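Working notes for the structure below.
The values are calculated or read from the model by the stated rules, or taken from the named source; none is laboratory data. All values reported here derive from a predicted model rather than from experimental measurement. Positions of Cβ are generated from backbone atoms using ideal geometry, with glycine treated the same way; all protein chains shown enter the neighbour counts. For the accessible areas, the whole protein counts, side chains as well, though only heavy atoms, and no ligand, DNA or RNA atoms are used. Shrake-Rupley method; radii C 1.70, N 1.55, O 1.52, S 1.80 Å.
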Amino acid sequence: MQRSFIARNPSVLIFLGILAVFTLGATILSEGFGIGLISTSMIKTLGKTLCLCLIAIAMDLVWGYCGILSLGHFAFFGLGGYMIGMWLMYARTENIILTSLAQAPIPPTDDEIRSAIGNQIFGVVGGSDFPLIWAFADSLTIQLVLVVLVPGLLALVFGWLAFRSRVTGVYLSILTQAMTLALSLYLFQNDSGLRGNNGLSGLQNIPGAKGVPQSIISIWFLWASAIALALGYILAAWMMSGKFGSVIRGIRDDEARVRFLGYSVETYKLVIFTVTAIIAAIAGALYYPQAGIINPAEIAPIASIYLAVWVAIGGRGRIYGAVIGAALVSLLSTWFTGGQAPSIPLGFYTIHWVDWWQVLLGVTFVLVTLFAPQGIGGAIDRLVRKGTQL
Amino acid sequence: MRTLLEVSGVSVSFDGFKAINNLSFQIAEGELRAVIGPNGAGKTTFMDIVTGKTRPNEGYVIWGERSVNLLKMSEAQIAQAGIGRKFQRPTVFEDQSVFDNLIMSLKNDRGPLGVLLYRRSARDNERVQELAEEIGLTDHLHRKAGELSHGQKQWLEIGMLLAQEPRLLLVDEPAAGMTLAEREHTTNLLKQAAKTRAVVVVEHDMDFVRRLDCKVTVLHEGSVLAEGSLDHVTQNQDVIDVYLGR
Ligand SMILES: Nc1ncnc2c1ncn2[C@@H]1O[C@H](COP(=O)(O)OP(=O)(O)OP(=O)(O)O)[C@@H](O)[C@H]1O
Ligand SMILES: [Mg+2]
């Protein structure tokens, strides 16, 4: 008899429990719904961290389980953010324009409204016409579909070209870096249609929720992020626990053997690459309304490299490892680079963490790779095994 | 007997070096065949060609009653068409249990969606048990394949091939590094397998080949040097010169 999914994956229940307690706890301590011990900006940081955990799960599936070291998944994350950002910016600007034009003696025509919105959004890059890619920006539904469709299609086309030519290993990693770099450079241009290096801003203001304070909106997004993370975790655990997971791990360990068993390795890689790109995009679409701003620097190649570092430190090939790595490292990074970490005076030199955090992270990464390739998740596994033996 | 696999006029060169040189031979349905030859004779390369890993510069590889051209197919398609392959060094998925290794190999839908929604049937469980018994790993089903001994890994790989239910089994040096008792078990496995399908075994060990008791093909420098019973080929002067007389 086949045991149930939960019985085969005890970590799922534990994780869901911890996530529920965390989210409830944060809500109770928040300014918006609770006693106000946690500031709204901290709630946003926590909500964003949950989104980063979700993209880390995607990275773990593609790298930890399937062995494809993609250094481009932040491109999909960013694209997801841009797609939702377009609607947020358009709809909010439309609201502002409509309010201000309402006082006008002669009611404005639709064309006038549209050109006023265009002026407002694209004025910074010296334009006022809507680029073609903004055609559906007034529709939340379509932009939500595009959150999935645009990164999904990019991943599908890129993956098809790369996997079909049997590009593997380091060459594939370089190719994915090239993809993010190209995308980021393209978006930096003023005529890319997405406001160049200004990016999209004011994303924290949710159209249609005008009177609602940020302290409340931040909780909405915290919960939305938690639910997305929970669903992502369950999906990942379900996919990896059965025969599909066996094939995926088989591809990581011995691609040729899988091929000679009759599985089309390229198709499987394409599936996992595209599915994880979509997960990353959804994470991004939830992240940027909490961040308030997205610009092309977010898609810089280094971001995707950090993602790999999180997963490596957390422990590849374990879904909870990816979550732990992303949460721990990104929160620490916020703390160290936010100036809160106390500087260490050495007399002749003072260590300012804002500068030295990168070094600490780099050294940690090297040490983990050399001495604990299983990461934090591996240590947990050993503890659990010891615990069950006692 | 009908021809199952026909290799005709195949040549492969690596950087100008001809590893396979105008090779032609045939395997009949349900036949057990041993392929011997000195190191570098092209035995493994021959398997690479048939399974789609290496593309030849010239020649044809024709398969089955519908005479399909294997050279136009991918590795996965060739495997699905019914050709199973065992590598020279044992290759099993070491990180996964013996059970999962076998489940993955069972002849079932190979598409991603079918695999994702796969539920193990009672029939599949039974089949895994049968296979495990055949390869002597019943007590090891839930161990990681990486923990098995060298010989057990070789058997697991043979078991995985049998699970695919191929019509042709290509086996590269199955007895290498095995003890005498293990070799005997391996011989029996292969002879048993050959009752229901064609099996081609590459092997250096003459005693092993003798025990297989089948037609033998001698490869040398990428082409067939001699073919026939073991006694017939071992008396061939060319074979003695290039292989046995070393
Ligand atoms: N990919 C390759 N690139 C270059 N040369 C190759 C390649 N594959 C095989 N060769 C060469 O082709 C020749 C035949 O190799 P092959 O592995 O088929 O021999 P073999 O009969 O299996 O030998 P052995 O008994 O040692 O396993 C050898 O000289 C080998 O060096
Ligand atoms: Mg060989």
> Has the stretch B:27-36 got at least one residue that is surrounded by 14 or more Cβ atoms within 10 Å (Cβ to Cβ), of a type in the set (Val, Ile, Thr) and either within 16 Å of ligand 1 (Cβ to nearest atom) or without any contact (Cβ under 8 Å) to a residue 60 or more places away in the chain (or both)?
Replying inline: yes
> Tell me, which residue of the stretch A:236-292 that is in contact with an Asp or Glu (Cβ under 7 Å, 6 or more places away or on another chain) and within 18 Å of residue A:162 (Cβ to Cβ) is farthest from the other protein chains (Cβ to nearest Cβ)?
Replying inline: A:265
>> Condition first: assigned to a strand (DSSP E or B) and of a type outside the set (Asp, Glu). Can you find one or more residues in the stretch B:160-167 that meet it?
In response: no
>> Of the residues B:78, B:103, only one is more than 8 Å from chain A (Cβ to nearest Cβ), crowded, with 17+ Cβ neighbours inside 10 Å and either more than 16 Å from ligand 1 (Cβ to nearest atom) or not in a loop (DSSP other than H, G, I, E, B) (or both); which?
In response: B:78
> For the stretch A:43-87, how many residues are open to solvent by 10 Å² or more (accessible area, probe 1.4 Å), in contact with an Asp or Glu (Cβ under 9 Å, 6 or more places away or on another chain) and part of a helix (DSSP H, G or I)?
Replying inline: 2
> Which members of the stretch B:37-56 meet the condition of being of a type in the set (S, T, N, Q) and either loosely packed, with under 15 Cβ neighbours inside 10 Å or part of a helix (DSSP H, G or I) (or both)?
Replying inline: B:39, B:44, B:45
>> Given the criteria within 16 Å of ligand 1 (Cβ to nearest atom) and open to solvent by 80 Å² or more (accessible area, probe 1.4 Å), does residue B:130 qualify?
In response: no
>> Pairs please, first residue from the stretch B:106-119 and within 7 Å of chain A (Cβ to nearest Cβ), second anywhere and assigned to a loop (DSSP other than H, G, I, E, B) and surrounded by 12 or more Cβ atoms within 10 Å (Cβ to Cβ), Cβ atoms under 6 Å, 6+ apart in sequence or on different chains.
In response: B:110/A:262; B:110/A:263
>> Quick test for you: out of A:339, A:377, A:314, A:325, pick the one residue that is among the small types (Gly, Ala, Ser) and open to solvent by 30 Å² or more (accessible area, probe 1.4 Å).
In response: A:339
> Taking interchain pairs and intrachain pairs at least six residues apart, which have beta carbon atoms under 7 angstrom, with the first residue in the stretch B:177-194 and farther than 15 Å from residue B:149 by Cβ and the second at pLDDT 90 or above and β-branched (Val, Ile, Thr)?
Replying inline: B:189/B:135; B:189/B:158; B:190/B:171; B:190/B:199; B:190/B:201; B:193/B:199
